1. Between beta-carbons, use under 11 Å as the cut-off and find the net charge around Tyr262, counting Lys and Arg +1, Asp and Glu -1.
2. What is the order of Leu334, Leu191, fewest Cβ neighbours within 10 Å to most?
3. Figure the gain on full extension for Ile69 and Ser322 (residue separation times 0.36 nm, minus the Cα-Cα span) and round it to one decimal in nm.
4. Order of Leu360, Leu367 from fewest to most other C-beta atoms within 10 Å?
5. Per residue of region 26-33, in order, report the coupling 6.51 cos²θ - 1.76 cosθ + 1.60 (Karplus, θ = phi - 60°) as ³J(HN,Hα) in whole Hz, putting x for Gly and Pro.
6. Averaging the inverse of every distinct alpha carbon separation and then flipping it gives the Kirkwood radius. What is it for region 115-229, in angstrom units?
7. Using the structure shown, select from Lys259/Lys315; Lys45/Lys296; Lys204/Lys231; Lys30/Lys335; Lys134/Lys231; Lys261/Lys286 the pairs with a Cα to Cα distance greater than 25 angstrom.
8. Could you grab the relative contact order for the chain? Cα pairs under 8 Å, six or more apart, rounded to a whole percent.
Amino acid sequence: MANSEILTGLDIGSARVTCVIAARDEETGKITVLGGARADSRGIKNGMVTSIEDAAHSIRQAVEAAEKIADQVVTEVLLGLRGPHLHSMDGRGRLNISRTDTEITAEDVAGVIDNSKAVSLDHGTEIVHVVPQKFSLDRLPGVPNPIGMQGALLEAETHIVMGSNPAISNLIKAVSAAGFQLAHNPIYTLLALGELVVEEEEKKLGAVLVDLGGELTSVGVYVDGALHYSKELVVGGDSLNKDLAHGLGTTAGWARELKEKYGAVYSDLVDKDKKITIMKADRRTKAEIHTKDLLKFIQPRVEEIFELIYGAVEKSAYQDLSGGAILSGGGALLKGMPAAAAELLELPQARLAYPVHDLLACPEEYLAQPYLGAVALVCFPYFKTWDEDLQEPRSGGQLRRVWQWIRELF
């Protein structure tokens, strides 16, 4: 496409590998999704590679299918990171302004953010992102934009996302073995999702983003306009499938289909008198059940999932989240899930995730929850450019990235 840059997002989950291809108009900045596809995920467990060969095969399948739909050839991808190897902590940077001219510059802002990375890391751990939250100037807190102000001491509070170097390296090796290169450093998928689907007002009021995947659930807490806490939980929608399969004595495939067609969190969302025929695990015997029978297996697991999410939010020390909850991922599609989130997390409201940026043009089919992670990855470098560790696809340096961040934010 003339005057356009082709972007490819690769969201690797334990159940599916999702690929989305988009074009960014270099004049308007508008990002248009051209196509996408999903493939069964093999060689991946909880967001980490267990077999490079199998993972590479799944990645290749997803990208090649997306190439055919988008009519594009992919060489580089924006790779998303998930998994329990990711964790976060608060950072704090200080920078003394010793110049005669004590006016704060963009270089000073970049420097104080970089200083916040001076934390003790465990062996094999690397920093993935440093997310600025707020600034202080001469110990005066709550300075939203210090550039141009006078001061002798600049401080920054940040959210630092870290991950296992071997886990990240193995994922990159799988992408390389599939025949693709990385256009940028790997991106924490939850962070990208937050920029795509959480309203700025929700971030200011306080909100929790919950991405319900197959084997993983990602939790991000936003306060005062920025991400303050993130957590990866080893639980997801596949737990419901396993409970149904075990409880009904059927196959995993049948259990998934039953959940998607007839499953719900609350009894008033199902037809209590409706009967359905299921195939038993021996693939020969059939049985007839009521749809309401599904709830006795679904409800306890949903309660357990939200109990874990509630515990994560409680640990964040930010519980006054009047902006409510935003649910994304395939697990969020179970009937009644937003209502259950509001009730079990004790929040005023909850909603399903959707893109909140007008710079994105996306066909309806790729606005579906399972695709949002990959869509967020293609948008992230242009919706948020404050991260000095996120390399630009063409050119530019740290100063340019900081100025872009300042211009976007203020």
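What follows draws every value from the coordinates through simple rules; no lab data is involved. Computed from a prediction, not measured in an experiment: that's the story for all the values here. Note that each Cβ is placed from the backbone with ideal geometry, even for glycine, and that neighbours are counted across all protein chains shown.
1. Working: positive: Lys259, Lys261, Lys274, Lys275, Lys292, Lys335; negative: Glu257, Glu260, Asp271, Asp293.
Around Tyr262, the charge tally is +2.
2. Details: Leu334 21, Leu191 26.
Starting with the residue having the fewest Cβ neighbours, the order is Leu334, Leu191.
3. Working: separation 253, 0.36 × 253 = 91.08 nm, distance 4.10 nm.
Stretched fully, the Ile69-Ser322 segment lengthens by 87.0 nm.
4. Working: Leu360 20, Leu367 15.
Taking fewest neighbouring Cβ atoms as first place, the list is Leu367, Leu360.
5. Computed from phi, the couplings for region 26-33 are 6, 8, 8, x, 6, 10, 10, 6 Hz.
6. Details: mean 1/r = 0.0604 Å⁻¹.
Mean inverse Cα-Cα distance, inverted, gives 16.6 Å.
7. Working: Lys259/Lys315 31 Å; Lys45/Lys296 28 Å; Lys204/Lys231 20 Å; Lys30/Lys335 33 Å; Lys134/Lys231 21 Å; Lys261/Lys286 18 Å.
In this structure, Lys259/Lys315; Lys45/Lys296; Lys30/Lys335 lie more than 25 Å apart at Cα.
8. Details: 930 pairs, mean separation 74.7, N = 410.
18 percent.
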